[in-house]
Amino acid sequence: MKAIERYIEERQDHSNPVCAYVYDLTRLEKHAGMIKETLPDFCSFFYAMKANPDRHLLKTLAPIIDGFDVASGGEIAKAAAYGKPMVFGAPGKKQSEIEIALEEGVRYINVESTHDWDRIAHLAEEKGISIPVLLRVNLSSDVPESHHMMSGVPSQFGMSEEDVAACIKQSEKESRVSIAGFHFHAMSNNLDAEAHVRFVQLCVEKADDWRRRYGLEASIIDIGGGIGINYWKPEEPFDWKAFAAGMHRLDPEGWTLILEIGRYLTAASGYYVTEVLDVKENHGQWFAVVRGGTHHLRLPAAWKMSHPFRIHSVESWPYPFKRPGVEKGNVTIAGELCTPNDVLVRGDYVDNLRAGDIVIFEYAGAYAWTISHHDFLSHPHPEHVYVRDGEVLAQEDAGTLPREK
């Protein structure tokens, strides 16, 4: 990506090391358009904002997507600015959040338990507002191919299949809350397209059975998200073409299927760019220490993995002393924090890596900056740079701390 290289060259200043998130809004727009165009007509394409709530990304996506999946009052407030339908779901909802959801006209609220139903119904009655809900079900079967399972195992998410009947019975005495359908978010970072299609088919079968059995007028099946990024082997990505073809083979008569796509939508449009401060050998292993780390990009530490990266070589070296580096060896790339857990790459091979070079971490557009512990040790935040059609559109500080002088 030439815009990143150009930004690095313009920004280069060894007294103030490069550290930034760079977002390619053109790439994001094209990827979202591809997803939208290849889904069948019975699908609604929602963005799972938890992946990345950056306002520039939201503004780029809003004209393309059908709605937003939101998980907090803060996300409701951000999404409301775009006038799109919202689905609000969270395992724990504060009363104020339910009230905001009702007042902002959220399209559907997920019900995670009978108590969740009671709280929503009580507030809807108090406010005189009617609200359709989706029953979030923790299915008895799982999707073992996914990185994190949220269904088929005990979890804080949703209700067991055995509890669906009780929740439907509660709906018979309510006038303000109605069952619009079901929500089945069962996995995170699944890389098997065929398994994902089978999961969707299972969701349709379950929803069909409950609709017939209980005489419901439900028409919505929210299959959640969970489509993954192959951080381990980026050259073997989730096969979207196979997944879309499988979706077209389905015949969910009378149902609209909502897909809440987050990671798969935004990850590839974001890059975390940081400068190497030191390279050294320690007890027979090579380490490169960068300006940044898990306080900016927590995902590789949380998943105990090496984050995909490439090296941008910087030939200038302004100092009179020797430049440290490693050639043709395995290196651990660690951050600037005072903890051994601050690791972004775990012993991966490099041809050449030197102090002053730039490491570009790819697939950093989802579950990256906003899930990180920004203010640990009070280091300055990275810059956020937004690129469209190869040109820098905007450049901002990410937080309240001053940038380095």
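So the values come out like this:
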{"item": "Of the criteria (1) open to solvent by less than 30 Å² (accessible area, probe 1.4 Å); (2) within 21 Å of Arg27 (Cα to Cα); (3) touching a helix residue (DSSP H, G or I) at 6+ places or on another chain (Cβ under 6 Å), which one Leu58 fails", "result": "(3)"}
{"item": "Criterion violated by Leu393 - all others in (1) within 27 Å of His283 (Cβ to Cβ); (2) aliphatic (A, V, I, L, M); (3) at pLDDT below 95 satisfied", "result": "(1)"}
{"item": "Residue in region 238-255 that is acidic (Asp, Glu) and farther than 30 Å from Ile131 by Cα present", "result": "yes"}
{"item": "Test: residue in region 253-275 that is assigned to a loop (DSSP other than H, G, I, E, B), modelled with pLDDT under 95 and under 29 Å from Lys36 (Cα atoms)", "result": "yes"}
{"item": "Some residue of region 67-74 being among the aliphatic types (A, V, I, L, M) and open to solvent by 10 Å² or more (accessible area, probe 1.4 Å)", "result": "yes"}
{"item": "Which numbered condition Cys338 fails, given (1) free of Cβ contacts under 8 Å to residues at least 60 places away in the same chain; (2) surrounded by 14 or more Cβ atoms within 10 Å (Cβ to Cβ); (3) part of a loop (DSSP other than H, G, I, E, B); (4) not aromatic (Phe, Trp, Tyr)", "result": "(2)"}
{"item": "Any hit, region 85-96, residues being in contact (Cβ under 8 Å) with a residue 24 or more places away in the chain, part of a helix (DSSP H, G or I) and either of a type in the set (A, V, I, L, M, F, W, C) or crowded, with 20+ Cβ neighbours inside 10 Å (or both)", "result": "no"}
{"item": "One residue from Val331, Val326, Val345 being closer than 14 Å to Val276 by Cβ, in contact with a Lys or Arg (Cβ under 9 Å, 6 or more places away or on another chain) and either among the hydrophobic types (A, V, I, L, M, F, W, C) or open to solvent by 80 Å² or more (accessible area, probe 1.4 Å) (or both)", "result": "Val326"}
{"item": "Residue check, Ala48 closer than 26 Å to Asp116 by Cβ, in contact with a helix residue (DSSP H, G or I) (Cβ under 9 Å, 6 or more places away or on another chain) and open to solvent by less than 50 Å² (accessible area, probe 1.4 Å)", "result": "yes"}
{"item": "Cβ pairs under 7 Å, 6+ apart, first in region 305-317 and more than 15 Å from Val18 (Cβ to Cβ) and among the aliphatic types (A, V, I, L, M), second at pLDDT 95 or above and surrounded by 15 or more Cβ atoms within 10 Å (Cβ to Cβ)", "result": "Met305/Tyr231"}
{"item": "Residue, least open to solvent (accessible area, probe 1.4 Å), within region 361-379, restricted to residues that are within 24 Å of the chain's Cα centre (by Cα) and over 25 Å from Gly226 (Cα atoms)", "result": "His374"}
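The values are calculated or read from the model by the stated rules, or taken from the named source; none is laboratory data. Everything numeric in this text was worked out from a predicted model, so none of it was measured. Every residue, glycine among them, receives a Cβ derived from its backbone with ideal geometry; neighbour counts consider all protein chains shown. The accessibility values were calculated without ligands, DNA or RNA, using every heavy atom of the protein model including side chains. Shrake-Rupley method; radii C 1.70, N 1.55, O 1.52, S 1.80 Å.
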